[in-house]
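Let me begin by presenting the structure, written as structure tokens, before commenting on it.
The values are calculated or read from the model by the stated rules, or taken from the named source; none is laboratory data. Just so it is clear, the model here is predicted, and its values are computed rather than measured. As a convention, Cβ positions derive from the backbone with ideal geometry for all residues, glycine included, and neighbour counts pool all protein chains shown. Please note that ligands, DNA and RNA were not included when accessible areas were found on the heavy atoms of the full protein model with its side chains. Shrake-Rupley method; radii C 1.70, N 1.55, O 1.52, S 1.80 Å.
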There are 2 protein chains.
Amino acid sequence: MDTTGQDERLSTAERRRGELLEAADRVVLREGPGASMNAIAAEAGITKPILYRHFGDKGGLYRALAVRHTDALLEALRAALDAPSERRERVEATLDTYLAAIEARPQVYRFLMHPAEDSTTGEGAFDVGQHSAPLLRRLGEELAQVIAERVDLGPESEELARVWGHGIVGMMHAAGDWWLRERPCERAQLVRHLADLLWGRLAAAGDRVGGPGF
Amino acid sequence: MDTTGQDERLSTAERRRGELLEAADRVVLREGPGASMNAIAAEAGITKPILYRHFGDKGGLYRALAVRHTDALLEALRAALDAPSERRERVEATLDTYLAAIEARPQVYRFLMHPAEDSTTGEGAFDVGQHSAPLLRRLGEELAQVIAERVDLGPESEELARVWGHGIVGMMHAAGDWWLRERPCERAQLVRHLADLLWGRLAAAGDRVGGPGF
DNA sequence: GTCAGATCGTTACCATGGGTAATAACAAGT
DNA sequence: ACTTGTTATTACCCATGGTAACGATCTGAC
């Protein structure tokens with residue numbers, strides 16, 4: 001990713017926009033999603049109105065930021081999804097890619113998923129247009145498409161694929177979120193556990209002594 | 001009639017707290033999670049400082065509200081989880097209970113899960129202490145416990161159960177969220193699709209023509 | 001040279017909304 | 001009646017998103 005290099009054929013406005021986004025990124029990474037527009041403007045060496053000229057409102061800025069990171073993550077996931085290996089391996093690779101990403105940059109992840117975080121002064125923190133849902137929905141749709149394209153699911157293929165796409169993404173997200181907080185095991189282990197779940201081990205497992213199992 | 005309305009002789013702090021919570025509930029249901037403390041106070045027939053005396057800050061109020069609804073939902077889920085039927089049936093009943101709940105009261109659901117919503121004036125909307133994660137984590141832990149208690153998972157039982165608990169809850173949540181937005185099918189159908197996913201149908205399905213499947 | 005007009009930028013300001021003194025009613029115990 | 005503790009109110013602080021009005025600067029045309 002050549003974010004910093006001086007791009008040749010870009011209008012000054014586009015260049016500026018990129019610079020502003022990077023400044024915003026730094027601030028958000030440092031201060032969390034509650035970063036104020038003033039702080040971002042200061043980091044960029046300018047003042048608020050310019051930010052508003054470029055991004056409309058705070059939601060616009062955050063959306064631009066989110067899109068940027070989401071694109072990067074999606075690209076990585078697509079690579080894992082498109083690898084020429086067996087299905088189980090592919091699923092594990094995808095899960096691992098996602099988890100590795102959120103492990104490597106938890107701040108970015110928290111920004112994308114959990115808009116608010118601190119409440120030092122008196123405001124709580126801003127959500128600004130709910131960018132978490134877009135990311136998850138995008139991932140869900142993407143996965144649904146891959147499933148629909150490649151897995152033979154009979155007549156209800158389309159519908160099933162979408163349900164599964166969103167379901168699996170949600171599973172990955174929730175498990176990852178919990179794992180990131182508690183770190184109860186290695187990443188590889190988590191990946192195996194989740195793949196096992198997807199592979200129907202819950203259905204296959206026997207009941208425990210004392211009654212019918214879940 | 002003075003400000004409080006029809007109160008006989010009931011000045012207990014707990015009663016008041018309950019009344020305030022109900023007023024807050026009405027406002028949040030009407031105006032969404034972005035409801036201001038002033039609005040809530042007005043609905044309750046009192047003023048801000050009283051709310052702050054009772055709940056500390058906005059996060060406290062919203063947390064109290066969330067706990068209340070979460071408790072109700074959890075109770076319903078526990079009933080489905082504890083039914084004396086077979087595992088698959090139980091899983092379907094639990095999924096259906098959850099989905100029926102969010103279908104019946106989407107406003108409540110959105111409040112619990114998606115803190116922000118509108119941005120009429122100029123602020124975006126407040127998250128206030130992230131009450132969505134607590135709900136999901138609580139559900140995840142609860143389910144993990146049920147799984148660990150009743151399913152025989154071998155040596156890693158504990159760990160597996162927690163991963164699965166959070167994973168399944170996340171799957172349910174994400175799929176439900178998407179379903180609620182797009183309504184692509186009947187609830188029963190969604191339940192079946194999700195249960196199928198949990199039952200390993202993804203692993204069992206064949207590849208589509210043209211290459212290895214996901 | 002100088003003037004019109006986009007850009008790019010700043011200061012000063014508004015409105016909203018969370019949160020908190022300072023203070024007023026008012027009940028009861030003495 | 002005097003004190004005391006609870007309850008509620010008014011009036012305020014202050015941070016933040018968002019904007020209007022104004023200034024600087026660079027470009028090309030005449």
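Can you give the accessible area of A:PHE55, probe radius 1.4 Å, in Å² rounded to 10?
Accessible area of A:PHE55: about 20 Å².
If you average 1/r over all unlike Cα pairs in region A:67-203 and invert the result, what Kirkwood radius do you get in angstrom?
Mean inverse Cα-Cα distance, inverted, gives 16.0 Å.
One decimal, nm, shortest first: give the distances between the label point of A:LEU29 and those of the same position in the other copies, each label point 7 Å from Cα along Cα→Cβ.
Output for A:LEU29: 4.6 nm, nearest copy listed first.
Shape call for region B:160-204 from the C-alpha gyration tensor, a ≥ b ≥ c root eigenvalues: rounded (a/c under 1.5), prolate (a/b greater than b/c) or oblate?
oblate
Whose amide H sits under 5 Å from the amide H of B:VAL151, counting only residues 5 or more places off or on another chain, with H placed in the peptide plane?
Here the answer is A:ARG208, A:PHE214, since their amide H atoms fall under 5 Å of that of B:VAL151.
Roughly how crowded by other chains is peptide B:143-155, in terms of the mean Cβ count from those chains within 10 Å of each of its Cβ atoms?
For peptide B:143-155, the averaged partner shielding equals 4.
Assume the label is 7 Å from Cα along Cα to beta carbon: what separations in nm does A:ARG17 have to the matching positions in the other copies?
Nearest first, the other copies' label points are 5.2 nm away.
Just how far, in whole angstrom, is region A:157-183 from region B:146-185 if you go by their alpha carbon centroids?
That distance is 9 Å.
From the residues A:ALA83, A:ALA66, A:ALA93, which one has its Cα farthest along the dipole of region A:39-105 in the positive direction, the dipole being from +1 and -1 charges on Cβ of Lys/Arg and Asp/Glu about the Cα centre?
Looking along the dipole axis, the top candidate is A:ALA66.
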